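Here's the structure, in structure tokens; my notes come after.
The values are calculated or read from the model by the stated rules, or taken from the named source; none is laboratory data. Quick caveat, the model's predicted, so the values are computed rather than measured. Note that each Cβ is placed from the backbone with ideal geometry, even for glycine, and that neighbours are counted across all protein chains shown. Note: areas computed on protein heavy atoms with side chains; ligands, DNA, RNA excluded. Shrake-Rupley method; radii C 1.70, N 1.55, O 1.52, S 1.80 Å.
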Amino acid sequence: MANKPSIPKGTRDFGPMEMAKRNYIFNTIKEVYAIYGFQQIETPALESLQTLMGKYGEEGDKLLFKILNSGDYFKGITDEDLLGRDTLKLQTRLAEKGLRYDLTVPFARYVVMHRNELQLPFKRYQIQPVWRADRPQKGRYREFYQCDADVVGSESLLNEVELMQIIDTVFVRFGIRIKIKINNRKILSGIAEVIGAQDKIVQITTAIDKLDKIGLEKVNAELIEDGIATNAVERLQPILRMSGTNEEKLETISHVLSESEMGLKGVKETRFILDTLRQIGLSNEIELDLTLARGLNYYTGAIFEVKALDVEIGSITGGGRYDNLTGIFGMPGLSGVGISFGADRIYDVLNVLKLFPKRNITNTQLLFVNFGWKETEYILPMVSKIRKAGVRTEVFPDETKMKKQMSYANAKQIPFVAIVGETEMKEGKLTLKDMMTGEQLSLTVDQLIQKVQV
């Protein structure tokens, strides 16, 4: 008996309806990126391990999917090497390539390799799958998509403003109510400086980033456990408890950071972004959140995250400013800023809120019933004209019972069925059935096209 087929844990199949929904997400994001002048690139699924290793930290390196060399990958490996069981040493000789872990490092490699061809600032977007050898669990997969947009070669804060507009526009199109949270790496560095714990910036920000999840008391305990002095933790309390409008928070933090040049620069940058967005006007709320502390080893300026207001779920978009994207490949000093939409989480939110469009993501709009070759031969020129008009149309291929053909239309959620029998052929018309309402109309081909395209 043959083994039942399966797929690796942490991966998924996507059927036609799921793909239609996913493509709705990707196409919406692509359309908005294009409106703001971003150009699409793609990079290979495979990268050399030399490109990938050492870019994500020790834990990240362990999560890289490594690919055995082609042919005799044991060539040059001795029995002594194998018995030594030195995994790190062996893998560098057995595997030279790996699946990409994210889109950022490949993008950095792309910029360095193609720097003489690029017009700076370079505005790129990329929507492709990435792979991580992580432990699969709910909401965490080994293969998933990232939808990134970055601007490199410009330090202007107008880039941050535009990215906030892109976020706002995308979620308005989806119909998802959101809150955009913004902070600045320089503000957080300034906070660590004024409380006398500059060398503990990573521990401070890692702890306060958990404030929403574990509460103030546990955050304070974690700070002390990480070796931060009690008086420094006490000086941090007004910041952790800060409330009010964005402007009130900026005024308060300006006073707190009055002795920190770095911190005040972060306040100035944040004020510019918020003031400019207020003049432009966003449909969704943007909030200064001084406890937002994502990816501090990577980001150097503005940082932001997006939360859905009507569904309990983690961040659905994030990003920020970085000053040395390409430095890891020997091209230092190129500043950039970027965002990444979490397509899988957005999919879940749209599903929960029932916000996917009903008809415009259906593959087929119109199905012609097959009564036999005489009728089929008659309708084929009509079908050709209807398809040229942009209507997604099928002809049922087999002459079979009407009930089976209607069941096919229902199963595929095809909204309209065209019926052409002897009566219709004599009159030069078609009978169009609306599968939602059951209404039937006698129409010409041109009238049918108008009706289905509405």
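Below are the figures for this structure:
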item: Tabulated pairs, the range 12-34, first under 20 Å from E143 (Cα atoms), second modelled with pLDDT under 90 and among the hydroxyl-bearing types (S, T, Y), C-beta under 9 angstrom, 6+ apart or interchain; result: R12/Y141; M17/T362; A20/T362
item: Qualifying residue in the range 233-254 (condition: within 19 Å of N159 (Cβ to Cβ) and either small (G, A, S) or buried (at least 19 other Cβ atoms within 10 Å of the Cβ) (or both)); result: no
item: Among residues of the range 320-371, those that are farther than 30 Å from N410 by Cα and either under 19 Å from the mean Cα position of the chain (by Cα) or modelled with pLDDT of 95 or more (or both), counted; result: 10
item: Scope the range 311-334; condition open to solvent by 10 Å² or more (accessible area, probe 1.4 Å) and hydroxyl-bearing (S, T, Y); matching residues; result: S315
item: Conditions (1) out of contact with any helix residue (DSSP H, G or I) (no Cβ under 7 Å at 6 or more places or on another chain); (2) assigned to a helix (DSSP H, G or I); (3) at pLDDT below 80: number failed by L90; result: (1)
item: Qualifying positions in the range 208-228 - over 26 Å from the mean Cα position of the chain (by Cα) and in a helix (DSSP H, G or I); result: I214, L216, E217, K218, V219, N220, A221, E222, L223, I224, E225
item: Scope the range 126-144; condition open to solvent by 20 Å² or more (accessible area, probe 1.4 Å) and either under 23 Å from M331 (Cβ atoms) or among the basic types (K, R) (or both); matching residues; result: R132, R135, K138, R140, R142
item: Any hit, the range 189-201, residues being over 31 Å from the mean Cα position of the chain (by Cα), over 30 Å from I346 (Cα atoms) and hydroxyl-bearing (S, T, Y); result: no
item: Selection count where residues are closer than 26 Å to F14 by Cβ and open to solvent by 40 Å² or more (accessible area, probe 1.4 Å), scope the range 145-168; result: 1
item: Members of the range 127-173 that are of a type in the set (S, T, Y) and closer than 22 Å to G336 by Cα; result: Y145, S154, S156, T169
item: Those residues of the range 419-454 which are touching an Asp or Glu at 6+ places or on another chain (Cβ under 9 Å) and either open to solvent by 60 Å² or more (accessible area, probe 1.4 Å) or among the aliphatic types (A, V, I, L, M) (or both), in sequence order; result: V420, E422, M425, L430, L432, Q440, L441, S442, K451
item: Complete set of residues in the range 169-200 that are open to solvent by less than 10 Å² (accessible area, probe 1.4 Å), in a helix (DSSP H, G or I) and among the β-branched types (V, I, T); result: V170, I187, I191
item: Top-ranked residue of the range 130-151 - restricted to ones that are charged (D, E, K, R) and in a loop (DSSP other than H, G, I, E, B), ranked as farthest from the chain's Cα centre (by Cα); result: R135
item: Criterion violated by Q413 - all others in (1) within 30 Å of F174 (Cβ to Cβ); (2) open to solvent by less than 80 Å² (accessible area, probe 1.4 Å) satisfied; result: (2)
item: Matching residues in the range 201-225 - criterion: being open to solvent by 10 Å² or more (accessible area, probe 1.4 Å) and modelled with pLDDT of 80 or more; result: I214, G215, L216, E217, K218, N220, A221, E222, I224, E225
item: Hits in the range 13-55 - residues which are among the charged types (D, E, K, R) and assigned to a loop (DSSP other than H, G, I, E, B); result: D13, E42, K55
item: Of all residues making up the range 98-124, the number that are within 20 Å of E59 (Cβ to Cβ), outside any helix (DSSP H, G or I) and open to solvent by 10 Å² or more (accessible area, probe 1.4 Å); result: 3
item: Residue in the range 62-76 that is β-branched (V, I, T), on the phi < 0 side of the Ramachandran plot, at pLDDT 75 or above and crowded, with 18+ Cβ neighbours inside 10 Å present; result: no
item: Options E287, E269: the member that is over 24 Å from the mean Cα position of the chain (by Cα), touching a residue at least 12 places away in the same chain (Cβ under 8 Å) and within 28 Å of Q146 (Cα to Cα); result: E269
item: Tally of residues being modelled with pLDDT of 95 or more, open to solvent by 70 Å² or more (accessible area, probe 1.4 Å) and in a loop (DSSP other than H, G, I, E, B) across the range 261-310; result: 3
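Conditions tested, residue by residue: (1) under 22 Å from P16 (Cα atoms); (2) in contact with a strand residue (DSSP E or B) (Cβ under 6 Å, 6 or more places away or on another chain); (3) β-branched (V, I, T).
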site: Q365; (1), (2), (3): yes, no, no
site: F368; (1), (2), (3): yes, yes, no
site: K388; (1), (2), (3): no, no, no
site: A411; (1), (2), (3): yes, no, no
site: L443; (1), (2), (3): no, yes, no
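Conditions (1) in contact with a Lys or Arg (Cβ under 7 Å, 6 or more places away or on another chain); (2) more than 26 Å from G15 (Cβ to Cβ); (3) of a type outside the set (D, E, K, R), marked per residue:
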residue	(1), (2), (3)
Y378	no, yes, yes
D398	no, no, no
Y408	no, no, yes
E422	no, yes, no
